[in-house]
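Comments concern the structure below.
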Amino acid sequence: MEEQAPDMQAQELAVEEERKPVVFAVRIDPVLREQIEGLRGITEQSVNDVGVEALEGWVAKTLEDKTVRQKAMAELDAEEKRLQERRSAIAGILGQTATATETSGEAPSSPSRS
């Protein structure tokens, strides 16, 4: 068990690093910017807080849209099809050893030379 602990810690650190906030800049109309500055002054929110709140609202609304969800599923299906075609092509190149390895979970054996 002790041997796995460092690996788990490394994985947790990797996840934390992936979740670090990143800059996402947008260009907006100067009038909208003035409105935002005025309102955020009243609400005492930072520009970042206002932007994050707006983007989270947009994402939530967009994810509720059935058309968007259907397009996302269609893209996933198309990607799965591309991966299956690639897998078949690679299996064809490697011969039957690729499909035998898939089902047995064993490493392919090298062909014997007679």
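The values are calculated or read from the model by the stated rules, or taken from the named source; none is laboratory data. These figures come from a predicted structure and were not determined experimentally. Here Cβ is always computed from backbone atoms with ideal geometry, including for glycine, and neighbour counts include all displayed protein chains.
General remarks:
- Qualifying residue in the range 101-113 (condition: in a helix (DSSP H, G or I), at pLDDT below 90 and of a type in the set (Gly, Ala, Ser)): yes
- If you go through the range 20-37 and keep only what is surrounded by 10 or more Cβ atoms within 10 Å (Cβ to Cβ) and over 32 Å from the mean Cα position of the chain (by Cα), you end up with Glu34, Gln35, Glu37.
- Among the residues of the range 49-71, at least one is among the hydroxyl-bearing types (Ser, Thr, Tyr), modelled with pLDDT of 90 or more and touching a helix residue (DSSP H, G or I) at 6+ places or on another chain (Cβ under 6 Å).
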